[in-house]
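Engineer: Starting off with a structure, shown below.
The values are calculated or read from the model by the stated rules, or taken from the named source; none is laboratory data. Quick caveat, the model's predicted, so the values are computed rather than measured. Accessible surface areas use protein heavy atoms only, side chains included; no ligands, DNA or RNA. Shrake-Rupley method; radii C 1.70, N 1.55, O 1.52, S 1.80 Å.
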Amino acid sequence: MVSGIQEIIGENSIYVQNPFAEEISVSASVNLKEMAIQLIELSGKVIQQWERMSLNMGSNTQLLLTGNISSGIYFLHFQNGSLSYTHKLIHIQ
(Lines give C-alpha, C1' and ligand atoms only; values in the text may rest on other atoms or scores of the structure.)
Protein backbone atom coordinates (compact mmCIF):
# COMPACT_ATOMS: atom_id res chain seq x y z
CA MET A 1 0.00 0.00 0.00
CA VAL A 2 1.36 3.42 -0.99
CA SER A 3 0.52 6.19 1.42
CA GLY A 4 0.97 9.89 1.02
CA ILE A 5 -0.12 13.39 1.81
CA GLN A 6 -2.47 15.55 -0.18
CA GLU A 7 -2.27 19.34 -0.27
CA ILE A 8 -5.32 21.29 -1.44
CA ILE A 9 -4.78 24.97 -2.19
CA GLY A 10 -7.81 26.62 -3.75
CA GLU A 11 -8.67 24.57 -6.83
CA ASN A 12 -5.25 22.88 -6.91
CA SER A 13 -4.60 19.42 -5.48
CA ILE A 14 -1.17 17.76 -5.21
CA TYR A 15 -0.56 14.28 -3.78
CA VAL A 16 2.96 13.27 -2.67
CA GLN A 17 4.02 9.71 -1.85
CA ASN A 18 5.18 9.46 1.77
CA PRO A 19 7.29 7.63 2.84
CA PHE A 20 9.50 7.20 -0.25
CA ALA A 21 12.47 5.02 -1.27
CA GLU A 22 14.46 5.73 -4.49
CA GLU A 23 11.86 8.00 -6.07
CA ILE A 24 9.07 10.34 -5.06
CA SER A 25 5.75 10.06 -6.85
CA VAL A 26 3.95 13.40 -7.28
CA SER A 27 0.40 13.36 -8.66
CA ALA A 28 -1.61 16.46 -9.37
CA SER A 29 -4.92 17.80 -10.58
CA VAL A 30 -3.53 21.24 -11.21
CA ASN A 31 -2.06 23.37 -13.98
CA LEU A 32 1.43 24.43 -12.92
CA LYS A 33 3.90 25.36 -15.62
CA GLU A 34 7.58 26.03 -14.96
CA MET A 35 7.40 24.70 -11.41
CA ALA A 36 10.61 24.32 -9.39
CA ILE A 37 10.86 21.47 -6.88
CA GLN A 38 13.58 21.06 -4.25
CA LEU A 39 14.45 18.17 -1.93
CA ILE A 40 15.85 19.65 1.29
CA GLU A 41 17.62 18.08 4.29
CA LEU A 42 16.65 18.94 7.87
CA SER A 43 19.70 21.25 8.00
CA GLY A 44 18.16 23.32 5.19
CA LYS A 45 20.64 22.20 2.54
CA VAL A 46 19.11 21.63 -0.92
CA ILE A 47 20.29 18.18 -2.01
CA GLN A 48 18.28 17.76 -5.21
CA GLN A 49 16.54 20.20 -7.51
CA TRP A 50 14.17 19.82 -10.45
CA GLU A 51 13.66 22.97 -12.53
CA ARG A 52 10.88 23.70 -14.98
CA MET A 53 8.73 20.70 -14.08
CA SER A 54 5.29 20.89 -15.67
CA LEU A 55 2.15 19.38 -14.21
CA ASN A 56 -0.65 19.98 -16.68
CA MET A 57 -4.34 20.23 -15.83
CA GLY A 58 -5.89 16.86 -15.12
CA SER A 59 -4.49 13.74 -13.53
CA ASN A 60 -0.79 13.34 -14.11
CA THR A 61 2.16 11.90 -12.23
CA GLN A 62 5.85 12.77 -12.14
CA LEU A 63 8.49 10.45 -10.68
CA LEU A 64 11.35 12.35 -9.04
CA LEU A 65 14.48 10.20 -8.80
CA THR A 66 16.28 10.97 -5.54
CA GLY A 67 19.50 9.00 -5.98
CA ASN A 68 21.46 7.54 -3.09
CA ILE A 69 20.44 9.48 0.02
CA SER A 70 20.36 8.43 3.68
CA SER A 71 17.18 7.40 5.45
CA GLY A 72 15.61 10.24 7.39
CA ILE A 73 13.33 13.27 7.25
CA TYR A 74 13.36 15.60 4.24
CA PHE A 75 11.26 18.43 2.88
CA LEU A 76 9.90 18.66 -0.67
CA HIS A 77 9.41 22.31 -1.61
CA PHE A 78 7.28 23.44 -4.58
CA GLN A 79 7.59 26.97 -6.04
CA ASN A 80 5.64 28.50 -8.92
CA GLY A 81 5.53 32.28 -8.93
CA SER A 82 3.60 33.30 -5.82
CA LEU A 83 2.46 29.70 -5.14
CA SER A 84 4.79 28.02 -2.65
CA TYR A 85 4.38 25.08 -0.29
CA THR A 86 6.48 22.46 1.44
CA HIS A 87 5.82 18.81 2.35
CA LYS A 88 7.64 16.92 5.11
CA LEU A 89 8.72 13.48 3.84
CA ILE A 90 10.32 10.36 5.28
CA HIS A 91 12.94 8.46 3.25
CA ILE A 92 13.25 4.73 3.93
CA GLN A 93 15.69 2.28 2.41
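Engineer: I'd like the accessible area for LYS88: 1.4 Å probe, protein heavy atoms, all chains in place, Å² to the nearest 10.
Structural biologist: 120
Engineer: How far, in nm, would the chain grow between LYS88 and LEU65 when pulled straight, counting 0.36 nm per residue and subtracting the alpha carbon separation?
Structural biologist: Numbers: separation 23, 0.36 × 23 = 8.28 nm, distance 1.69 nm.
Result for the pair: 6.6 nm of gain on full extension.
Engineer: For the full complex of protein chains and a 1.4 angstrom probe, list SER82, SER70, SER43, SER13 by accessible area with the highest value first.
Structural biologist: Accessible-area ranking of SER82, SER70, SER43, SER13, largest first: SER82, SER43, SER70, SER13.
Engineer: With every protein chain kept in the model, how would you rank TYR15, TYR74 by accessible area, 1.4 Å probe, largest at the top?
Structural biologist: So, going from the largest accessible area down, we get TYR15, TYR74.
Engineer: Got a sec? What order do MET53, MET35 fall in by accessible area at 1.4 Å, biggest, i.e. largest, first?
Structural biologist: Ranking MET53, MET35 by accessible area, largest first, yields MET53, MET35.
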